[in-house]
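What follows is a short report on a single structure.
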Amino acid sequence: MLKFEEYLAKVNGAISAIPYPAEPSQLYQPIAYTMALGGKRLRPVLTLMACEAMGGEADAALNAAVGLELFHNFTLLHDDVMDKAAVRRGQPTVHRRWNENVAILSGDAMLTLATQYVARVDAAVLQPVLEVFNTTAMEIYEGQQWDMDYELRAEVTEADYIEMIRLKTSVLLGCACKVGAIIAGADEANANALYEVGQNLGLAFQLQDDVLDVWGDEATFGKEIGGDIMNNKKTYLLINALNRAQGDDLGELRRWITDEYAMRQEKVPAVRAIYERLGLRQLAQEAIAAYTQKALDGLAQVDMDDDARKEFAEFINRLVNRSK
């Protein structure tokens, strides 16, 4: 097994070598711009790690890994349009730098490009790899729809939210692990066990993202702090706040949610203060720890050598203890 930094170097090298056509420039430049913004690259790294852990060569999974990263960034590009987000990874979003039409069409092109790269696997594993990838893509679209629906729904339970983030975020981490395992020739039991590891890691990751959106450092987080608060997103924090708040806290929280003209500099710190009074940061950290432990426990169900298990465990802990 390689180290995380070595897998990351492979992924970044392959992404920087993507040969975008020169014209039409407004189709391809936004894709190149998006991919050059960087990111954690955790999905392609997981793909390579899973492949090697299951006895394969990392390079055999490199094209599929790039495809999954292209797909992930396609979802972010369209997500930013729907959320009207201004910043992604510290830089203007595509629809702000160009316009919404450019963002939508470039995102469509990214999806096709992603599929082309995922399909560049050995013919012997092409069908199962595409089945996992396409199933995952449809689940992510479902998760995004639920996310939008929940903005308009008055009652959203914690279980609803966990299922939504499982679909929107976690299944792609599970997919990355499973695709890598399939390419390596792993049996179904090991491939499925690795999928569950990735899925639980994804739940911990998204809950950590919820926390960082409220308490993170904007300079390192890469996007505006409080975006979920400003959009009244039904996050783990808001759902539990609505369930736990009473009296003045509940009245104030509802006032902020219904105030269409609230200013960021007022609303974000006010809602954050309510969350803190209710102990929600600690509650979220406990949930993150629980899903992290599920991911770590799941490694015990996978037939891999001790070095591979150690690398996976270090990767999981690195991800859920991040500041961005």
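What single numbered condition from (1) within 18 Å of the chain's Cα centre (by Cα); (2) modelled with pLDDT of 95 or more; (3) open to solvent by 10 Å² or more (accessible area, probe 1.4 Å); (4) small (G, A, S) fails to hold for A204?
Exception for A204: condition (3).
Condition check: surrounded by fewer than 20 Cβ atoms within 10 Å (Cβ to Cβ), closer than 22 Å to Q26 by Cβ and either free of Cβ contacts under 8 Å to residues at least 60 places away in the same chain or not hydrophobic (A, V, I, L, M, F, W, C) (or both). Does Q127 satisfy that?
Considered against the rule, which asks whether it is surrounded by fewer than 20 Cβ atoms within 10 Å (Cβ to Cβ), closer than 22 Å to Q26 by Cβ and either free of Cβ contacts under 8 Å to residues at least 60 places away in the same chain or not hydrophobic (A, V, I, L, M, F, W, C) (or both), Q127 comes out as no.
Counting only residues that are of a type in the set (D, E, K, R) and touching a residue at least 12 places away in the same chain (Cβ under 8 Å), which one in region 131-163 is nearest to L201 (Cα to Cα)?
Of everything passing the filter in region 131-163, E163 is nearest to L201 (Cα to Cα).
Tell me the residue from T136, T112 that is surrounded by fewer than 16 Cβ atoms within 10 Å (Cβ to Cβ) and under 23 Å from I182 (Cβ atoms), please.
Every option except T112 fails the conditions.
Could you check region 284-304 and list, in sequence order, the residues that are touching a residue at least 24 places away in the same chain (Cβ under 8 Å) and either in contact with a Pro (Cβ under 7 Å, 6 or more places away or on another chain) or within 22 Å of A191 (Cβ to Cβ) (or both)?
Across region 284-304, the qualifying residues are Y291, T292, K294, A295, G298, L299, Q301, V302, D303, M304.
Here are I288, I257: which of them is open to solvent by less than 30 Å² (accessible area, probe 1.4 Å) and assigned to a helix (DSSP H, G or I)?
I288
Determine which single condition A86 fails, assuming it passes every other condition in (1) modelled with pLDDT of 95 or more; (2) in contact with a helix residue (DSSP H, G or I) (Cβ under 6 Å, 6 or more places away or on another chain).
(1)
So in region 209-219, with the set limited to residues that are open to solvent by 10 Å² or more (accessible area, probe 1.4 Å) and under 17 Å from the mean Cα position of the chain (by Cα), which one is farthest from Q285 (Cα to Cα)?
Restricting to residues being open to solvent by 10 Å² or more (accessible area, probe 1.4 Å) and under 17 Å from the mean Cα position of the chain (by Cα), the top hit is G216.
Does at least one position in region 164-184 carry a residue that is among the basic types (K, R) and without any contact (Cβ under 8 Å) to a residue 60 or more places away in the chain?
Yes, the conditions are met somewhere in region 164-184.
Within region 233-249, restricting attention to residues that are in a loop (DSSP other than H, G, I, E, B) and of a type outside the set (D, E, K, R), which residue is surrounded by the most Cβ atoms within 10 Å (Cβ to Cβ)?
The selected residue is T235.
The values are calculated or read from the model by the stated rules, or taken from the named source; none is laboratory data. Owing to the predicted nature of the structure, the values given are computational and were not obtained by experimental measurement. Cβ: placed from backbone, ideal geometry, glycine included. Neighbour counts: every protein chain shown. Note: accessible area is taken over every heavy atom of the protein model, side chains too, but ligands, DNA and RNA are not part of it. Shrake-Rupley method; radii C 1.70, N 1.55, O 1.52, S 1.80 Å.
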